[in-house]
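Take a look at the structure set out below.
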Amino acid sequence: MSSNTASLMATLTSTDPVLAAFADQVGSEGPVAIVGGQTRWSTGGPIDPAARLLHAPTGIVEYIPEEMIVRVRAGTTVAELHTELADRGQRTALPQRSDTSTVGGAFTVGENDLAMLRRGSIRSALLQVRYVSAEGRVITGGGPTVKNVTGFDLPRLMVGALGTLGLLAEVIIRTNPIPAASVWLRSDVADPFRARDAVLAPSVVLWDGSTTWIQLEGHGPDVEAETASLAAVGSFTAVDAPPALPGERWSLEPAALRSLAGTNSDRLANHDTGAFVASVGTGLLFAERPQPSRAISPVVAALSAQMKQNFDPTGRLNPGRIAGTN
């Protein structure tokens, strides 16, 4: 472990007045909810109108570029974080839906960036969480380096939980390099699944039933070689940007997307999506219509209920939200 990482771990064991003040705001009684950028405010259902609305603390606490980790308050916008990291040629796996999207909101909703094939999932990027429990206490889970972490994996549990198990206050995130070269390519004839398999590590592969877009990133010579390899599956031309994405997000198993598409693009277009753009290899689909509600299996429902009981027995954290629903 480097001296910088050791220093960061030491600061996490000391009293933090900012997080203590946030915990005092949350308290230990009455319903309470956290407001972020509100770009995904309706996810999981409406917040109980009786809940007190609070904002998570903001600010980048410590950034160690050589270790590729950053400690940041949950209320900080993703835009502010990425601006800071860009000065050192780095970024994160977090999506930036708008200028007001927050770091805590991204993890709470569990939404990945469009380029997750290359950037990785936000769940894998989250190394440590500090959150306020239903009892109003600051709890720490995880650590700056994976090899130093044992026990229950609290960071992964908090991703996508919609703030129903704990209110995120601060996180440590793994960063990754901004690639030297990036290009978007488009083809009206290439099969998107063959295009995905033809290159080593595409950042994004999109398909709307007839047209395929692919983003390649990396060192210049590597991007050129990957571009050349696409000639085996169809003719591609460079474009400035990906297509406009419909506003509704669907979640499908990647294999299910391939099955729905089959050899007839109309099969997916007629799957009650309206116009769509599918993200090949991720299971994410952007559609005109919202995804129908999916039944939660009794086993998952029972486990979720038990977890909620363990973490928030009185149901005071983000009441009204139900994790795992649209």
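The values are calculated or read from the model by the stated rules, or taken from the named source; none is laboratory data. What you are looking at is a predicted structure, and each value in this text was computed from that prediction instead of being measured. Positions of Cβ are backbone-derived with ideal geometry, glycine not excepted, and every protein chain shown enters the neighbour counts. Accessible surface areas use protein heavy atoms only, side chains included; no ligands, DNA or RNA. Shrake-Rupley method; radii C 1.70, N 1.55, O 1.52, S 1.80 Å.
Computed values, structure above
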quantity: Members of segment 274-299 that are open to solvent by 70 Å² or more (accessible area, probe 1.4 Å) and at pLDDT 85 or above; calculated: Glu288, Arg289, Pro290, Pro298, Val299
quantity: Residue under evaluation Arg71, criteria (1) open to solvent by 20 Å² or more (accessible area, probe 1.4 Å); (2) part of a strand (DSSP E or B); (3) not aliphatic (A, V, I, L, M), criterion not met; calculated: (1)
quantity: Which listed residue is at negative phi, assigned to a strand (DSSP E or B) and at pLDDT 95 or above, from Ala50, Ala56, Ala93, Ala33; calculated: Ala33
quantity: Test: Arg156 is surrounded by fewer than 22 Cβ atoms within 10 Å (Cβ to Cβ) and without any contact (Cβ under 8 Å) to a residue 40 or more places away in the chain; calculated: yes
quantity: Odd one out for Glu66 among (1) under 17 Å from Leu168 (Cα atoms); (2) open to solvent by 40 Å² or more (accessible area, probe 1.4 Å); (3) among the acidic types (Asp, Glu); calculated: (1)
quantity: Residues of segment 309-326 that turn out to be part of a helix (DSSP H, G or I) and surrounded by 18 or more Cβ atoms within 10 Å (Cβ to Cβ), as a count; calculated: 1
quantity: Selection count where residues are open to solvent by 10 Å² or more (accessible area, probe 1.4 Å), closer than 10 Å to Gly136 by Cβ and not hydroxyl-bearing (Ser, Thr, Tyr), scope segment 24-39; calculated: 4
